[in-house]
Amino acid sequence: MASTEEQAVAVTTNNDHLVQSEDPEHPANLIPELCRKFYNWGWVTGTGGGTSIRHGDHIFIAPSGVQKELMKSENIFVLQWPTKKYPAEERNYIRRPLKLNPSACTPLFLTAFENGAGCCIHTHSQWAVLVTLLVEREKGPDACFEISTIEQIKGIPRGKGKGMLGYYDTLSIPIIENTAFEEDLTSGLEAAMKKYPDTYAVLVRRHGIYVWGDNVAKAKTQCESLDYLFQLAVEMHKLGLPWVK
Ligand SMILES: CSC[C@@H](O)[C@@H](O)C(=O)COP(=O)(O)O
Ligand SMILES: [Zn+2]
């Protein structure tokens, strides 16, 4: 019987083609490219944060604990979709680079994909963290960031198949409490999605945010719009201006 290492080599060797493509839009090329951008925006510094893409029946996932802006396509893990929520076992990966572990965010990304997402982004943006500190903790499971009558709200969907929010709508993003380990956030994320079925993002107090979209472009632009709104909200708070009119 082959040793664990030999089995891992076999898996990796057999499926390297899954992350080899000349196409810049291929997920194995896009994830490193996006993470370089996100690093420059302060979203994924110090190895925190990350992103994952669903492409057909494959899920592309970054490794854990690496400098996300230096990641290469050969470092990307691949899971067959649909898959188990906690794919700790080696055999669940159809491509697993040696000497690396998959992102601790994997079960959270999978939760977004189960919800129909094509891409999920996790940031440690300081604006997102600050907003979670400004919304009262006492509200518990009802904690929610809300903002209205700001043009950029129109960059966020009203819900699946419901078009985009309008200028006079109120944007609501649920906030869940942080946990000691990233993967333990999964039940909180699931509960928030159940309570807010139209949401495309969940804030994590003192940690950051998970944002997803139907595809990569939507996840990225929605994440950008939210980050803009969080920064604006922090500055408004400093000026004593209300977020909701
Ligand atoms: C700075 S460590 C951050 C991690 O614990 C976690 O919050 C995170 O976002 C990234 O996890 P990772 O397993 O490296 O993909
Ligand atoms: Zn994180």
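Here, each number is a calculation from the coordinates, and none is a lab measurement. Every value quoted in this text rests on a predicted model; they were computed, and no experiment measured them. Note that each Cβ is placed from the backbone with ideal geometry, even for glycine, and that neighbours are counted across all protein chains shown.
Some values worked out for this structure:
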| read-out | value |
| --- | --- |
| Chymotrypsin sites (Phe, Trp or Tyr not before Pro) within region 110-168: DSSP coil, no more than 16 neighbouring Cβ in 10 Å | Y167, Y168 |
| Sparse-neighbour loop sites [chymotrypsin sites (Phe, Trp or Tyr not before Pro); region 178-231; at most 16 other C-beta within 10 Å; DSSP] | F181 |
| Across K139/K195; K68/K154; K160/K218; K37/K68; K85/K220, pairs whose alpha-carbon gap is larger than 18 Å | K68/K154; K85/K220 |
| Per-selection metrics, region 108-159 (Cα): Rg and Dmax in Å | 13.6, 34 |
| Residue (of W212, F181, C119) at the positive-pole extreme of the chain, dipole from beta-carbon charges | W212 |
| Per-peptide average of other Cβ atoms within 10 Å, ordering 183-193, 52-62 highest first | 52-62, 183-193 |
| Inter-part distance where region 98-147 and region 182-235 are each reduced to a Cα centre, Å | 5 Å |
| Kirkwood-type radius of the chain, with distances r between different C-alpha atoms, in Å | 18.5 Å |
| Cα shape, region 101-245, gyration tensor, a/c 1.5 rule | oblate |
| Charge sum, other residues only, whose C-beta stays under 11 Å from I153's C-beta, Lys/Arg counted +1 and Asp/Glu -1 | -1 |
| Kirkwood estimate for region 162-245, i.e. one over the average of 1/r between Cα atoms, Å | 14.2 Å |
